[in-house]
Structures are given as C-alpha cells and as structure tokens.
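S.K.: Quick one: the structure is below, and I'll ask about it shortly.
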Amino acid sequence: MNTRHNNRYMRGVLLLALLSILCMTGRASAQTYDLAKDFSIAGNPNGAWQYGQTPTRGGVFSPFTLGAFDAFYGVAYWSEGGLPQVTLNTTGFDVTLSTLKIPAYKLYQHPGPGGDNSVIRWVAPQTGIYSIDSSFTGIDFAYPTTTDVAVLRNSSEQLFAGDISSYNIPLPYFQIIYVTQGDTIDFSVGFGTNANYFGDSTMTDAVITKRNNFKSKLDVSSIALYYGQTGNLTARLRKATSLESVQNAPITFKVDGVIVGTGTTDSTGLAAYPYTADESLAVGVQRLPRSSQEPG
C-alpha cells in the first residue's frame, strides 16, 4: 500500500533585531559626570547628582538638607547633622580625620548607626548608552573599613554589590548600560555584615559618560522551528571595539518585517524573546519547503 507523507517545516529562520540606538555616531563631545569634580554644597540636587540616604538598601531615598563646609579641615559635606554623610576633601593634599585618610579631591560616604545607607544618586538627563566607571575603597586605616556597597538602577535593580573589609584596596565596577531619561543610578554604602558603623568611611569614585560616539556590534542568531513550535529569538549587543556587553538596551525583534516582540539585554548583552512560528510567515524570509515521499 502506498502512503503519502507531508512534512511542512520552517528552517533557518533569519531574525532581524533592530535597536533604535544601534550605532551612535554623533560628533558632539562626550558628556561626563564626575562625582568628585561635580560635588557642590550649593544645592541638592546638584545637576544630575543628588546626595541622601535610605533606611535600608534600595529603600525610600531622602535627600540631605544640610550642606556645610569645615574650613579647618577643608572638607565639604551633606548630611542631616550627623550620619549618614557624604564628604569631599576640597584640598590638594590628603586630610587625616581621626583614623581615616581622605585623598586629595576625593569623596567618601559613611553609613548611619541604624543601618541607614549613605546614597549618592545620579539621574539620567537623557536617554542613551552610558558607561559607569566606579570603585569603592575603605579609607579607615585603623579599624579597618567594613561596609557593604552596591550600585542600583531605579532602586530595585542591583547592578553591582560587594563587601569591603580592608584599607585602601579598591573594589571596582565598570558597566556599559542603556538608560532612559529619568532613570536613577545609586551608589549605596551600608554598615556591612558586622552591623557596626564605626570606621566605615568608604571612598567612592564614579565617572558616568554618555557614549555619543558609541559604535555597537549586534549579533543575531538563526533558529529552526516547526509550525506551532516556540523558540527564543536572541540577539547580543556589544561595543564594537572592545566587545564589552551593553546592558539594559531595548531590542525589537522583527520576523518578515513585522515586529513580533521586544527584549532587554542582560549583563552579558543578551536579549531574548519567545516566538511561536505560524503559517502566516511570508516565503522568502523563511524557507518553507513542502516535502513528500512515496514509500514502496
């Protein structure tokens, strides 16, 4: 008896992933936000920067209201009259306060006695791709410093976290990230696992730069699906020159010229969207062969 077998399938689907800022080639000079250089006690907020505290990591942010200058030591600070605090050494030489040494023109944070976090917040003035180049360093040479530190996006998304239990050993964090206007990046310092705020002065370095001349590399993958089968459309976004991953960038996936969904890149630059193949796909973008065989 002869039987006829039909096998309809989709093979090697080409996925087009589009990013609205895929290639940034503007000629304007890069916008740089330097935490220490931009520091001021004239007002809070201060441009894109804000200085304040949260009762816990990622808690409600309260801006400091007291900005002051200590002429004897040459330090400027924001606080509520005690700790937590954000302090800048405005002099051109190292300043020693009790058991902590503040390098010239550097800024440090100190948490509060009840676990309150000292928080420096940056608010994105424009949508785009930015690099965050930062580090946290214990600067108490006697205790030494024992703090828990973190970089948070919009209070809830942890970009980086670590513990410090040392003197003068930087804990670095670098990331290229996509942000939308109004997004917040918090540099947060708590009193650490020992629940003790003594000796917890932590120097924070941070430079955030808008990548106006950013050139990206977007790698997309092809997949094979049967009709009705679901598979992940994937794309990876990286810096073209160094291949560093770009995090939090929106990726729009198109199949046959039609938008089917969006994804957001993770810390490795990878975005994914679950897609189910259907029979409405146009021939030419996907291969839709029909095969038949007549077994004897």
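Please treat every number below as a calculation from the coordinates, not as lab data. For clarity, every value in this text was computed on a predicted model and none was experimentally measured. All Cβ positions, even for glycine, are placed from backbone atoms using ideal geometry, and neighbour counts span all protein chains on display.
S.K.: Neighbouring Cβ atoms within 10 Å as the yardstick, rank Thr65, Thr145, Thr32 fewest first.
M.R.: So the ranking, lowest neighbour count to highest, is Thr65, Thr32, Thr145.
S.K.: Another question, then. If the cut-off is 16 Å between C-alpha atoms, which lysines fall inside it for Lys106, apart from same-chain ones fewer than 8 positions away?
M.R.: Lys37
S.K.: Another question, if that's okay. So which aspartates and glutamates pass the test for Lys254, namely a Cα distance under 19 Å, with those fewer than 8 places away in the same chain ruled out?
M.R.: Within the straight-line limit of under 19 Å, Lys254 reaches these aspartates and glutamates: Asp219, Asp278, Glu279.
S.K.: Is the shape of segment 37-128 rounded, prolate or oblate, going by the alpha carbon gyration tensor and its root eigenvalues a ≥ b ≥ c, with a/c under 1.5 for rounded and a/b larger than b/c for prolate?
M.R.: In terms of gyration-tensor shape, oblate.
S.K.: On to the next question. What ranking do Glu80, Glu279 get, fewest neighbouring Cβ atoms within 10 angstrom at the top?
M.R.: Placing the least packed residue first, the sequence is Glu279, Glu80.
S.K.: Under 17 Å Cα to Cα from Lys217, which lysines show up? Leave out anything in the same chain fewer than 8 places away.
M.R.: Answer for Lys217, where 17 Å is the Cα cut-off: Lys239, listed by chain and number.
S.K.: If you don't mind, another one. Restricting attention to segment 26-128, which trypsin sites (Lys or Arg not before Pro) occupy a DSSP loop and are surrounded by at most 14 other Cβ atoms within 10 Å?
M.R.: Here the sparse-neighbourhood loop sites are Arg27.
S.K.: Let me ask something else about it. What does the charge add up to near Pro84, with Lys and Arg as +1, Asp and Glu as -1, over the other residues with Cβ less than 11 Å from its Cβ?
M.R.: -3
S.K.: Further question on the same structure: Using a cut-off of 15 Å between beta-carbons, work out the net charge of the residues near Ile251 (Lys and Arg +1, Asp and Glu -1, Ile251 not included).
M.R.: Cβ neighbours under 15 Å give a net charge of +2.
S.K.: With 10 angstrom as the radius, rank Ser201, Ser79, Ser135 by how many other C-beta atoms surround their C-beta, starting from the fewest.
M.R.: Working: Ser201 28, Ser79 21, Ser135 15.
Sorted ascending by nearby Cβ count, the order is Ser135, Ser79, Ser201.
S.K.: Would you tally the net charge around Thr147, using a Cβ to Cβ cut-off of less than 9 Å, leaving Thr147 out, and scoring K and R as +1, D and E as -1? Walk me through the intermediate numbers first.
M.R.: On the way: positive: none; negative: Asp148, Asp163, Asp200.
With Lys, Arg at +1 and Asp, Glu at -1, the net is -3.
S.K.: Now for a different question. Amide H to amide H, which residues 5 or more places from Phe198 or on other chains are under 5 Å from it, using H placed in the peptide plane?
M.R.: Result for Phe198 returns nothing.
S.K.: Further, regarding this structure: Convert each backbone phi in segment 220-228 into a coupling constant with the Karplus relation 6.51 cos²θ - 1.76 cosθ + 1.60 (shift: θ = phi - 60°), then list the ³J(HN,Hα) values in order as whole Hz, x for Gly and Pro.
M.R.: Those phi angles translate into 10, 10, 9, 9, 10, 9, 7, 4, x Hz.
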